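Below is one structure; the comments refer to it alone.
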Amino acid sequence: MPLNTEHPIAVSGMGCCCAAGPDLATVWRNLWHDEFPRPVAPPFACIEPQPVFACTAPLLLSSPFHGRPPDIDNRTLLLALQACLEALTSAAIKAEDLTHLRLGIALGTTVRCHFHDDDYFLAWQQGKRPAAKALHRFLNENLATALQEILGSRGPTSVVTNACASGTDAIGLAASWLRHDLCDLVICGGADELSRLAFHGFAGLMLTSDAPCTPFATGRRGLNLGEGAGILLLERETDRRRRGAEAQGWLLGYGAGADGYHPTAPHPQGRGLQQAIRSALRCANLHLDDIALINGHGTGTTANDLAETTALKNLGFSTTPLLSTKGATGHTLGAAGGIEAVLTLRALQEGATFGTIGCHEPDPALPVQPLCQGEEVPLAGRLGLSHSLAFGGGNAALILEGAS
């Protein structure tokens, strides 16, 4: 049963694919055993292209959930679709269910809305006349609309592009749709693919590491970019009970806050993150002491990890287990909030958590110390916090409860 909220939102399905595995069960197993593929050397943590296309496209075409074949050129759509079909299956949603339900789709992304057709623009800049296919794709690559067409569903759609907080914000938006009775179910979360332009942007800011990233660790050298998708299927708790579906957990609170400090760097005190977490706790009618787990942003950059842990300390957190999963998944940008919400719920269901992959010696200068790799601890409850910090000062936080 959900705690401390008058109108709880149930999570009835989850799906995940990233560098740590092609589905949630594999990702979870690999995280627990510190075993995960690194098919591309750092600074990337990506999924092999062939397995993703090989497993996703046939799954779609053999599945009853499709109104049209996917655009095979749209890799981010395929990643989103893979996680989405896993979420629908885990929620026991059948194709015929979508014909009489209002299905909302709210997806966070950064790369898929831009940063992808650099070959076209480079050719145009050099005076060549490249085919217009890339331009048409750019103008028609709304992830949510494309997914709606594939599923043959009806309902509100939205793509959220708020840098690295996009997936978390999309989940918060989805919950508001349900509370305002705009739909019956919502597919939400985030998806992103690797992008040369995004990588060169981070590299130009000297934020990438040429070794596996080490979030919160002494001597950390920066982030690894990743790709993937994390999807939650949300519905009102009353509808879930009426449907007789099993709950994976509940979304109890969402909050957002802006630093207004710098185009890329976080506020040193994590001012916007503090605001986002306070707002999420207030939405859930909970207190700091209720939180049993914090899944941090934990990019492995000097500024982010320090600002994030400073914010947590200033809020009053000190001994709550803190970890980052980006040492295994890479930083998946717009997908990060979705993937991390899924993994947070999975840990809350388990009642235990692993430590921060890549962190063997925490930086003693961090005001709140994280769990180290290989450090496994039981959780004191089923309530957790998952939060995201974004370029431009965007911050977002979710309060989640795992089903027992």
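Computed from the coordinates by the stated procedures, all read-outs in this text should not be read as laboratory data. Small disclaimer: the values here were computed from a predicted structure and weren't measured. As a convention, Cβ positions derive from the backbone with ideal geometry for all residues, glycine included, and neighbour counts pool all protein chains shown.
Using a Förster distance of 45 Å, how high is the FRET efficiency between residue 265 and residue 92, based on the Cβ-Cβ distance and rounded to 0.05?
For residue 265 and residue 92, the calculated efficiency is 0.50.
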- Note on the structure: From fewest to most C-beta neighbours within 10 Å, the residues 178, 173, 348 line up as 173, 178, 348
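Using only alpha carbons, build the gyration tensor for the chain and give me the equivalent ellipsoid semi-axes, biggest first, whole Å. Intermediate values should be presented prior to the final figure.
On the way: eigenvalues 170, 147, 71 Å².
They are 29, 27, 19 Å, listed from largest to smallest.
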- Cα gyration tensor of segment 187-309 - equivalent ellipsoid semi-axes, whole Å, descending: 32, 20, 14
- Computed helical MRE - 222 nm, the chain, DSSP H runs ≥ 4 contributing -39500 (n - 2.57), nearest 500: -10500 deg cm²/dmol
- Task: Report the antiparallel proportion of the DSSP beta bridges in the chain as a percent, rounded to a multiple of 5.
- Result: 65
- Cα centroids of segment 200-274 and segment 151-198: how far apart, whole angstrom? 14
- Quick calc, residue 404 & residue 239: beta-carbon distance into FRET formula, R0 22 Å, rounding 0.05, result 0.60
- Just add up the charged neighbours of residue 213: K/R +1, D/E -1, any other residue whose Cβ is under 9 Å from the Cβ of residue 213. +3
- From Cα coordinates alone, what are the radius of gyration and Dmax values for segment 252-402 in angstrom? 13.7, 39
- Packing-wise, with mean Cβ within 10 Å as the measure, how do 189-196, 384-391 rank, highest first? 189-196, 384-391
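Fewest first, what order do 102, 220 take by the number of other Cβ atoms within 10 Å?
Numbers: 102 16, 220 23.
In increasing order of surrounding Cβ atoms, one gets 102, 220.
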- Query: For segment 240-285, what log10 I(q)/I(0) values come out of the Debye formula at q = 0.20, 0.28, 0.30 1/Å, with one point per alpha carbon and no solvent?
  - Reply: -0.69, -0.92, -0.97
